[in-house]
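A short write-up of the structure that comes next.
The values are calculated or read from the model by the stated rules, or taken from the named source; none is laboratory data. Note that this is a predicted model, so its numbers are computed, not measured. Every residue, glycine as well, gets a Cβ built from its backbone with ideal geometry; the counts of neighbours run over all protein chains shown.
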Amino acid sequence: MSAVFANLFNLEWQQVVMWIIGGLLIYLAIKKEMEPTLLLPMGFGAILVNLPIPSPEVTGEVSGVRAVIDFLFEIGIDSHELFPLILFIGIGAMIDFEPVLTNPKLMIFGAAAQFGIFFTLCLASLFGFDLKDAASIAIIGAADGPTSIFVANMLDSNYTAAIMVAAYSYMALVPIVQPPIIKLCTTKKERLIRMKNTGKKVSKTTKILFPIVVTIIVGLVAPDATALIGFLMFGNLIRECGVLNSLSDTAQNVLANLITIFLGFTIASKMVAEDFLRFETILIMCLGLVAFVVDTFGGIMIAKLMNLFTKNKINPMIGAAGISAFPMSARVVHKMGLAEDNQNFLLMHSVGVNVSGQVASVIAGGLILTLVGALVK
Amino acid sequence: MEQTTQLAEQIIEATEQAMQYEFAFTPDRFIDSLPIMGTGMLGIFVVMGIIILCVTGLNSLGARPKKEKKDK
C-alpha cells in the first residue's frame, strides 16, 4: 500500500503553489474569459508539469509527460521558434489592413506606442537585469505573444516562462489596464473629438502589394524581424489574393487554433516551480505592466503632439490602440469614444492604429534582436 | 517531525534561491541602455516612415483612373 502513495512524499510545497497558479489561470480563462485559448492550456500545463514526477534529466527517460512536453518545447519553440511563426500566418490571415491603407499616417501611432518596450528595457537594466534579459522582459510591451516568445527565445533569456505568462496575461487585461491610463492622459474635450471617416477605398492591387512591399522593406532594414514579418505578411497575402479563400479560412481558424493549443501547453513546460517561483517573476510582471502603461502613454502623446500641427484634430485616444494587442485595444478605444459621445465612432481609426501597432511591434522585436543581439554575442 | 524539518529546509533553500537575484539599482546599465532606446525608437519611425511612403505611392498608383469601357 505504501508503494501506491510513495510518490506523494515527493511533493514539494512549491509545486502546490504552482497548482494554485495553474488553477488561477484556468479560472481567469473560464470565468473571466481572459485569453481563454492560451490561459487555459497554460493553466492546465502548469499543473501537469508540477506533479511530483522525476524530470527526464534526472531519470534519462525519453517517455513520460515531462519528456513529451519538453520535446514539444524543443521542436515548437526552442529550435526554430516554429509555433509562434506558424501562428503568425494565422494572425496575418485574420488582419484586414484596409483601415491603415486608407489612412497611412495612422502608422505613426503604431510606431510611437512601442516606446514602452524601450523604456522598460532601460528600467529593467536599472533594476539589475543583464541586457539580454532586460530586452526580453521589455518585449512584453510588444503586446503580442508570438513576438515576445520569439525574441525571448532568440535572446536565450533565463525568464522565458515568466515573460510569456506576463505577455499573455496583460494582453487579456488590456480592457482593464488601458482605460484609466487613457483617461489620465486626455481631457474630456480631447476625448470628444470626432474624426471623419475618409470613405476612401483601396484597390485590390494595393492590398496584394502591401504585404510584399512591407516584407521587402523590413527584410532590408531590420533583417532580424524578417521571419516574423514574413510569416505575418504571408498570411495576409493568402487572405488578400482572393484565390486562396480555403487556405485563408484554414489559416485563420484551424491552423491558428491548432498551434494555439500546443503553444499554451508548451509554454507551460517552463512553468516548473523551481524556475518560476522567484522574486524576479514578480518583478517581471511589474515591468510588463509598466511596458503596457508606457506604450499607451506614448501613443496618446504622439497624437496630442500631432494635434498641435494639424488642422483636422485627432482624438488622442486612438493613439492608445497602437499597443498592438489586436483587436482588444481597438475595441477599448471605440467603446471609450462611445461612452463619451454616443455618435463618436472611432472604430475604423482605432483598428487602423491597432494593425499598425501589430506591424510596428514586430519591427520593434526585430530591432531589439539586431541592437541587443549584437551586444550580447 | 522529520517531514516538518524537511519542509523547513525546503523553504530555507527556496528562500536562499530567491535571494540569489540581488535587487540592485545599476545606473551604469541604465545609462548603457539609453542609446538602444534612442536607436530603437528612431529605427521604428524610419521603417514606418518608409512604409507610409510606399503605401502612399501604392494608393496613388491604385487611384489612377482606368479607361472606362464604353458599351455602345
Of the conditions (1) within 30 Å of B:I36 (Cβ to Cβ); (2) crowded, with 20+ Cβ neighbours inside 10 Å; (3) not aromatic (F, W, Y), the single one that A:E240 does not satisfy is (1)
Of all helices (runs of 4 or more DSSP H) fully inside segment A:270-377, the set with 2 or more residues that are away from chain B (no Cβ under 14 Å) and buried (at least 24 other Cβ atoms within 10 Å of the Cβ) is A:279-307, A:328-340, A:347-376
TODO: Would you be able to say whether some residue in segment B:12-35 is part of a loop (DSSP other than H, G, I, E, B), at pLDDT 60 or above, within 30 Å of A:V213 (Cα to Cα) and facing chain A (nearest Cβ under 8 Å)?
DONE: no
Within segment A:18-38, the residues that are out of contact with any Phe, Trp or Tyr (no Cβ under 9 Å at 6 or more places or on another chain) and not in a loop (DSSP other than H, G, I, E, B) are A:W19, A:I20, A:G23, A:L24, A:Y27, A:L28, A:A29, A:I30, A:P36, A:T37
Counted residues in segment A:167-211 being over 19 Å from A:A321 (Cα atoms), part of a helix (DSSP H, G or I) and not charged (D, E, K, R) come to 6
Log entry, pairs with first residue in segment A:116-132 being facing another protein chain (nearest Cβ under 8 Å), second being among the basic types (K, R), beta carbons closer than 6 Å, six or more apart or on different chains, reads A:S125/B:R29
Matching residues in segment A:182-232 (within 21 Å of B:L61 (Cα to Cα) and hydrophobic (A, V, I, L, M, F, W, C)) number 9
Within segment A:106-115, residues facing chain B (nearest Cβ under 7 Å) and not in a helix (DSSP H, G or I) come out as A:Q114
Note on segment A:130-156: residues in contact with an Asp or Glu (Cβ under 8 Å, 6 or more places away or on another chain), surrounded by 24 or more Cβ atoms within 10 Å (Cβ to Cβ) and either in a helix (DSSP H, G or I) or of a type outside the set (A, V, I, L, M) (or both) are A:G141, A:I149, A:F150
In segment A:183-201, is there at least one residue being within 24 Å of A:V290 (Cβ to Cβ) and within 21 Å of the chain's Cα centre (by Cα)? no
Here the residues within segment A:10-39 that are within 14 Å of chain B (Cβ to nearest Cβ) and either surrounded by 15 or more Cβ atoms within 10 Å (Cβ to Cβ) or in contact with a helix residue (DSSP H, G or I) (Cβ under 9 Å, 6 or more places away or on another chain) (or both) are A:E12, A:W13, A:Q14, A:Q15, A:V16, A:V17, A:M18
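So how many residues does segment A:212-255 have that are among the basic types (K, R) and not in a helix (DSSP H, G or I)?
0
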